[in-house]
Each structure stands twice: as C-alpha cells, then as structure tokens.
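A.B. asks: To start, I am sharing the structure in question, which I have written as structure tokens.
The values are calculated or read from the model by the stated rules, or taken from the named source; none is laboratory data. Since the structure is predicted, the reported quantities are computational estimates derived from the model, not experimental observations. Every residue, glycine as well, gets a Cβ built from its backbone with ideal geometry; the counts of neighbours run over all protein chains shown. Areas reflect the complete protein model, heavy atoms only, side chains present, ligands, DNA and RNA absent. Shrake-Rupley method; radii C 1.70, N 1.55, O 1.52, S 1.80 Å.
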Amino acid sequence: MVPIDRNVTSLDEAGLSVALDADGYLANADDWTPAIAVRLARNDGLELSERHWAVINQLRVFWYNELVSPPLRILVRVAGQVPGGEHGTARALHGLFPGEPAKKACRYAGLPRPEGCL
C-alpha cells in the first residue's frame, strides 16, 4: 500500500483544485466527487469496487443526515444499512478499507476525520 503524501495540500481533478487538510481529508465536504474518491483511494493503493461504493454512498447519506463522521463502531451500523447487509461487521470493513476503515472510508467519502480516531 502506498501511503498518502501528507504534504499534499490539494488535488487537481478535472481542472479544479480541491483543498485538503493536513491529514489528507477534503477541507470542504461539498467539494467531493466520485473522481476525488477514486484518486484518494489510488493514492493509498486501493481500487474502489462496487462494495466500496456501497459503503461510501451510505456513509455520505449518514453525513448529510447527521453532519458527523462516524467512528468505526457507528460505521459498522451505517454499513449494515447497505442492502444485503454483508458490510455491517468490523471484519468486513477492515477487509474493504484495510488498516483504518473509519478514517479511510470517511476520507474517500469526502468527510472530515472521524471524532476519536487517532
């Protein structure tokens, strides 16, 4: 896995410069596009599959309803709402987003870093 360069302050996507914070999260969640998610994931050496997109899309719905980036415990519940339910375990999320599932899923979804995640 290729670690994201924490010195990057923006991504250029489709001719637009998108600001990132010091940890590689979008500075403004409204700047998110699917292309940015793909770019962030590729920076981490991850290709997004339909399963990733199902979780990312459900996470964005949660964000717009709650305005909070969920830590892993809550992300498990959010992912469990994806039709089919196979994403609703910590093990499944670790398989999709290795290492730090809540942080990675939120970053790819264009959300701020989850509270309580170091």
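A.B. asks: From the set of residues in region 50-73 that are basic (Lys, Arg) and either touching a strand residue (DSSP E or B) at 6+ places or on another chain (Cβ under 9 Å) or open to solvent by 70 Å² or more (accessible area, probe 1.4 Å) (or both), which is farthest from Gly84 (Cα to Cα)?
C.D. replies: Here is the first cut: in region 50-73, the ones basic (Lys, Arg) are 51, 60, 73.
Those left that are additionally either touching a strand residue (DSSP E or B) at 6+ places or on another chain (Cβ under 9 Å) or open to solvent by 70 Å² or more (accessible area, probe 1.4 Å) (or both): 51, 73.
Working: Arg51: 11, Arg73: 19 Å.
My answer is Arg73.
A.B. asks: Among (1) out of contact with any Pro (no Cβ under 7 Å at 6 or more places or on another chain); (2) at pLDDT 95 or above, where does Ala79 come up short?
C.D. replies: For Ala79, the failing item is (2).
A.B. asks: Identify all residues within region 74-118 that are of a type in the set (D, E, K, R) and either in contact (Cβ under 8 Å) with a residue 40 or more places away in the chain or loosely packed, with under 15 Cβ neighbours inside 10 Å (or both); write none if there are none.
C.D. replies: Step one: of region 74-118, the residues of a type in the set (D, E, K, R) are 77, 86, 91, 100, 103-104, 107, 113, 115.
Answer for region 74-118, where residues must be of a type in the set (D, E, K, R) and either in contact (Cβ under 8 Å) with a residue 40 or more places away in the chain or loosely packed, with under 15 Cβ neighbours inside 10 Å (or both): Arg77, Glu86, Arg91, Lys104, Arg107, Arg113, Glu115.
A.B. asks: May I pose another question? Taking region 37-70 only, how many residues are farther than 19 Å from Glu100 by Cα and aliphatic (A, V, I, L, M)?
C.D. replies: Looking only at that region, the number is 2.
A.B. asks: Looking only at region 26-49, how many residues end up being in a helix (DSSP H, G or I) and either open to solvent by 60 Å² or more (accessible area, probe 1.4 Å) or touching a residue at least 40 places away in the same chain (Cβ under 8 Å) (or both)?
C.D. replies: Count: 11.
A.B. asks: On to the next question. Only residues that are farther than 17 Å from Ala29 by Cβ, of a type in the set (A, V, I, L, M) and not in a helix (DSSP H, G or I): list them for region 50-99, please.
C.D. replies: Val82 - this is the single residue of region 50-99 that is farther than 17 Å from Ala29 by Cβ, of a type in the set (A, V, I, L, M) and not in a helix (DSSP H, G or I).
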